[in-house]
1. Past the 24 Å Cα-Cα mark, which pairs from Lys210/Lys291; Lys250/Lys270; Lys57/Lys291; Lys250/Lys317; Lys57/Lys301?
2. Dividing the alpha-carbon Rg of the range 95-248 by 2.2 N^0.38 Å yields what?
3. Any idea what % of Cα-Cα pairs in the range 180-254 are farther than 19 Å?
4. Mind checking the full-extension length gain between Lys301 and Lys317? Use 0.36 nm per residue of separation minus the Cα-Cα distance, one decimal, nm.
5. If packing is taken as the mean number of other Cβ atoms within 10 Å per residue, what is the order of 225-231, 150-156, highest first?
6. Determine ³J(HN,Hα), in whole Hz, for all residues of the range 89-106 in sequence, where each value follows from phi through the Karplus function 6.51 cos²θ - 1.76 cosθ + 1.60 and θ = phi - 60°; x replaces Gly and Pro.
7. How big, in percent, is the set of alpha carbon pairs in the range 77-141 lying more than 19 Å apart?
8. Can you tally the net charge around Lys270? Count Lys and Arg as +1, Asp and Glu as -1, for every other residue whose Cβ sits under 11 Å from the Cβ of Lys270.
Amino acid sequence: MRPCAVILAAMSVLSGCYLDRLTTNYDDVFEASNTEDDGAIIDETGHGAEEEARIRKRLMELEMEEEPAYHMNAGDKIEIRVYDHEDLGMVTRIGPDGMVGFAFIGQVKLSGQTIAQGAECIREGLEPYVKNPVVSITVLEVQSENATIAGSCARPGVYGISNSTRLADLYAMAGSSAERLFNGVSVDVADLGHSIFVRKGEILPVDFRKAIENGDMLHNIRVRKGDYVFIAQRMEASVIICGEVRTPHKRLYEEGMGLIETLTAAGWMKDSHWSHVIIIRDGLAHPRLYKVDVDGILAGKCRNVPLKAGDIVYVPKDSMSEYNVFVNKLMPTAQIFSLVAGRASTVGLSHDD
């Protein structure tokens with residue numbers, strides 16, 4: 001499809017799919033309470049108390065699970081000894097087919113067996129040739145206990161793990177976040193808020209930020225053999241400030257960026273601004289809108305509101321301004337298309353949709 005056709009299609013989607021939904025005034029927008037009494041505007045997890053309790057219960061179950069028994073596998077380096085028969089001893093690697101060649105017996109399948117099971121298998125094979133054989137197996141090097149980490153990390157790949165390896169350790173092995181240039185500045189690409197941890201087909205309820213940035217041991221779960229971790233990519237490491245501000249612009253997102261600093265960077269609000277600022281999250285395809293009382297923040301009645309990558313800070317003229325005025329007039333066509341096609345980074349917020 002040609003680029004112009006794609007843009008026209010995107011604009012058609014905008015006008016036909018959700019602009020009709022965005023035709024009301026800002027009086028209907030959820031007011032994000034940010035007072036000490038009512039709690040912060042943003043619930044980082046997006047979970048209610050019941051859901052949070054369910055998540056904690058599942059994570060506790062994972063923490064209490066017994067370490068699965070070690071089973072030998074292809075690539076593992078082992079030493080086999082037969083008591084009082086040093087000539088039968090050997091150091092070898094288990095072959096790709098899971099087999100090991102042994103004197104008198106021939107090929108012995110050790111893949112998938114515990115150490116005790118493998119030793120017994122060899123002992124039984126030697127009985128016709130050796131009187132009362134006593135066999136021991138020592139694992140010298142494990143290559144089969146691996147987990148995979150992919151996506152927006154510096155060195156995605158398959159890494160060897162032990163029973164002490166946790167999510168933050170695996171992330172560090174992979175070099176942490178990948179980086180890219182944004183307006184000439186090197187920024188992290190990883191979006192920990194939307195990364196996933198998969199075990200045996202189940203997506204575990206792990207909060208990567210709590211695990212990696214806060215050291216929360218409940219979320220910093222042990223990594224098991226075969227686990228798959230995907231580090232999501234931050235699609236838009238920026239914040240857009242527009243509407244009734246003196247210098248509308250798009251600026252690089254920085255960790256800890258707040259609403260007041262962002263408005264200040266835009267030359268502050270014009271005299272014509274409404275009493276509240278609108279924060280738009282989840283992109284324009286599935287927008288969540290919140291209004292924030294800036295005067296309340298300046299008066300010390302509310303805390304400054306933290307922003308997230310991909311946020312749109314919009315200062316309307318009044319409460320009657322319709323959403324589609326913002327979409328059609330304030331956002332350039334190319335920016336609308338990029339937000340619809342690429343989507344800004346999303347985050348859960350505390351009120352019900």
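1. From the list (Lys210/Lys291; Lys250/Lys270; Lys57/Lys291; Lys250/Lys317; Lys57/Lys301), the Cα-Cα distance tops 24 Å for Lys210/Lys291; Lys57/Lys291; Lys57/Lys301.
2. Ratio of Cα Rg to 2.2 N^0.38 Å: 1.60.
3. Result: 51 percent of Cα pairs exceed 19 Å.
4. Answer, rounded to one decimal: 3.4 nm.
5. 225-231, 150-156
6. Coupling constants for the range 89-106: x, 7, 10, 7, 10, 5, x, x, 8, x, 9, 10, x, 9, 4, 6, 8, x Hz.
7. Percent of Cα pairs beyond 19 Å in the range 77-141: 19.
8. 0
A short reminder: the numbers here are calculations on the coordinates, not readings from a lab. A quick note: this is a predicted structure, and the numbers were derived from the prediction, not measured. Every residue, glycine among them, receives a Cβ derived from its backbone with ideal geometry; neighbour counts consider all protein chains shown.
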